[in-house]
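Have a look at the structure below before the remarks.
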Amino acid sequence: DAKTTQPNSMESNEEEPVHLPCNHSTISGTDYIHWYRQLPSQGPEYVIHGLTSNVNNRMASLAIAEDRKSSTLILHRATLRDAAVYYCILRDPFSGGYNKLIFGAGTRLAVHP
Amino acid sequence: EAQVTQNPRYLITVTGKKLTVTCSQNMNHEYMSWYRQDPGLGLRQIYYSMNVEVTDKGDVPEGYKVSRKEKRNFPLILESPSPNQTSLYFCASSSNSLGTIYFGEGSWLTVV
């Protein structure tokens, strides 16, 4: 199964943009890149996902490298509520995309007032 | 409101005393699963189900059982709990193999 590598932790100041990197050098052609985050004392929640093109939604943007070996989750203006552990996950719909989820350690994002 | 509901949220039990953690979702999702989360080990999948009466083992199934008799419910059963099953447990559901996964709020289980 393709794995992802993320920094253990990152820090940001409130109202500033945050770029959370993820390396997935062994990604397959059918792997979708998903991001989830886990706020303190809560279950993980969906943030965004993409396959090849950059994606935007109300929570964040996802920038995917042209070779797809890395991606970056972008929070345009960090708030205190964005302090969480962010997980980058690969999901392949043709190879157990649901039942083969592998959550790494994720990146713990601290946001300072 | 889309919800995955787990019960109990907190439980302290003794070794060997059978317990069940219930999970219910109100989104008519086919896919459901259970995870445990331990410090330093992240989230690991215990069991998953792709539909009623269809279940399969995840990465750490030992010591657990599940059943899927109805689409909305997916209970996790610990027949004879041991201290190494002390953990934070999450139930999750999804509409299909790529759909957004919705997680419950978690169940803190302590086995003494």
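Some values worked out for this structure:
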item: Shielding by other protein chains, A:38-45, mean Cβ within 10 Å; result: 5
item: 10 Å Cβ neighbours from other chains, averaged over peptide B:33-44; result: 3
item: Accessible area per residue in Å² at 1.4 Å probe, computed on the range B:41-95; result: 45 Å²
item: Burial order of peptide ranges B:22-33, B:63-74 (average beta-carbon count within 10 Å, highest first); result: B:22-33, B:63-74
item: Cβ-based charge dipole, chain A, positive-most Cα from A:Gly43, A:Cys88, A:Leu75; result: A:Gly43
item: Cβ-placed point charges (K, R +1; D, E -1), dipole of the range A:1-73 about Cα centre in debye, nearest 20; result: 240 debye
item: Interface burial for A against B (accessible surface, 1.4 Å probe, total of both chains, Å², rounded to 100); result: 1600 Å²
item: Mean Cα-pair separation over length for chain B, i.e. relative contact order, pairs under 8 Å, 6 or more apart, %; result: 36 percent
item: Neighbouring partner chain Cβ atoms per residue of B:95-103, average, 10 Å criterion; result: 6
item: Relative contact order (percent, whole number), chain A, Cα cutoff 8 Å, 6+ residue spacing; result: 36 percent
item: Dipole magnitude (debye, nearest 20) for the protein assembly as shown, charges at Cβ of Lys, Arg, Asp, Glu; result: 540 debye
item: For the range B:1-106, size of Cβ-based charge dipole, Lys and Arg +1, Asp and Glu -1, in debye; result: 240 debye
item: Residues whose placed amide H lies under 5 Å from that of A:Val47, excluding near-sequence neighbours; result: A:Trp35, A:Tyr36, A:Arg37
item: Two-site FRET efficiency, A:Ala63 against B:Glu62, from Cβ-Cβ distance with R₀ of 45 Å, rounded to 0.05; result: 0.65
item: Percent of Cα-Cα distances greater than 14 Å, calculated over the range A:5-74; result: 61 percent
item: Rounded to whole Å, sorted largest first: equivalent-ellipsoid semi-axes of chain B, Cα gyration tensor; result: 22, 14, 13
item: Candidates per trypsin sites (Lys or Arg not before Pro) in the range B:11-64, loop by DSSP, up to 11 other Cβ within 10 Å; result: B:Lys17, B:Lys18
item: The range A:10-16 - phi-based ³J(HN,Hα) in whole Hz, Karplus 6.51/-1.76/1.60, Gly and Pro as x; result: 8, 10, 8, 9, 4, 6, 9
item: For the range B:52-60, 3J(HN,Hα) per residue [Karplus equation, 6.51 cos²θ - 1.76 cosθ + 1.60, θ = phi - 60°, Hz, x = Gly/Pro]; result: 4, 6, 10, 9, 8, 6, x, 7, 9
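The values are calculated or read from the model by the stated rules, or taken from the named source; none is laboratory data. A quick note: this is a predicted structure, and the numbers were derived from the prediction, not measured. No Cβ is skipped: glycine too gets one built from the backbone with ideal geometry, and neighbour counts run over all protein chains shown. Each accessible area value is taken on the protein alone, full model and side chains, heavy atoms only, with ligands, DNA and RNA left out. Shrake-Rupley method; radii C 1.70, N 1.55, O 1.52, S 1.80 Å.
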